Amino acid sequence: NAPAPVDVSIGANFSPVTVQAKAGQTVRWTNNDGFTHTVTGDTASGPNSETAHPGGFGTGVVYSWAVPANATSGQIFYYHCAFHGNSGGGVGLGSGMAGAIEVVP
């Protein structure tokens, strides 16, 4: 049985900012804000809502991303909203609207 998805709410920020997920587990972001947002990975292997929702996604829309099956415990995928945050360059939490997914065993 696959583990339940990990949920992140989008409002003024990502909530929670940091989540833990296993390799292969799905992370779901729900936009509960009145503004359009993105989930933009700081590296190419991270989440990228632009593929499913070009130009961002609005209120009530859900974006899902599966942690790569080959992700290793301790690996962190940093991401940000392209409209309201800044990348941490893949090595740390960016400024503004940014979040992180930590891979756990």
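The numbers here are math on the coordinates, done by the rules we state, and not lab data. Just so it is clear, the structure is predicted and the values come from calculations on it, not from any experiment. Quick reminder, even Gly has a Cβ in these numbers, built from the backbone with ideal geometry, and neighbours come from all protein chains shown.
Worth pointing out:
- Take every Cα pair under 8 Å whose residues are at least 6 apart in sequence, average their separation, divide by the length of the stretch 3-59, and the relative contact order is 30 percent.
- Residues whose amide H lies under 5 Å from that of F14, counting only those 5 or more places away or on a different chain, are A98; hydrogens are built 1.01 Å from N in the peptide plane.
- 3J(HN,Hα) along the stretch 53-59, derived from phi through the Karplus expression 6.51 cos²θ - 1.76 cosθ + 1.60 where θ = phi - 60°, amounts to 9, x, x, x, 10, x, 3 Hz, with x in place of Gly and Pro.
- With a cut-off of 15 Å between beta carbons, the residues surrounding G99 carry a summed charge of -3, where Lys and Arg count +1 and Asp and Glu -1.
- Under the criterion of Cα pairs below 8 Å and six or more residues apart, the relative contact order for the chain equals 30 percent.
- Value of D in µm² per second that Stokes-Einstein yields for the stretch 1-61, Kirkwood Rh from Cα pairs, at 37 °C (0.692 mPa s): 266 µm²/s
- Distribution of pairwise C-alpha distances over the chain, 5 Å bins, in %: 3, 15, 26, 28, 18, 8, 2, 0
- Long-range HN-HN contacts of D7 with modeled amide H, under 5 Å: R28
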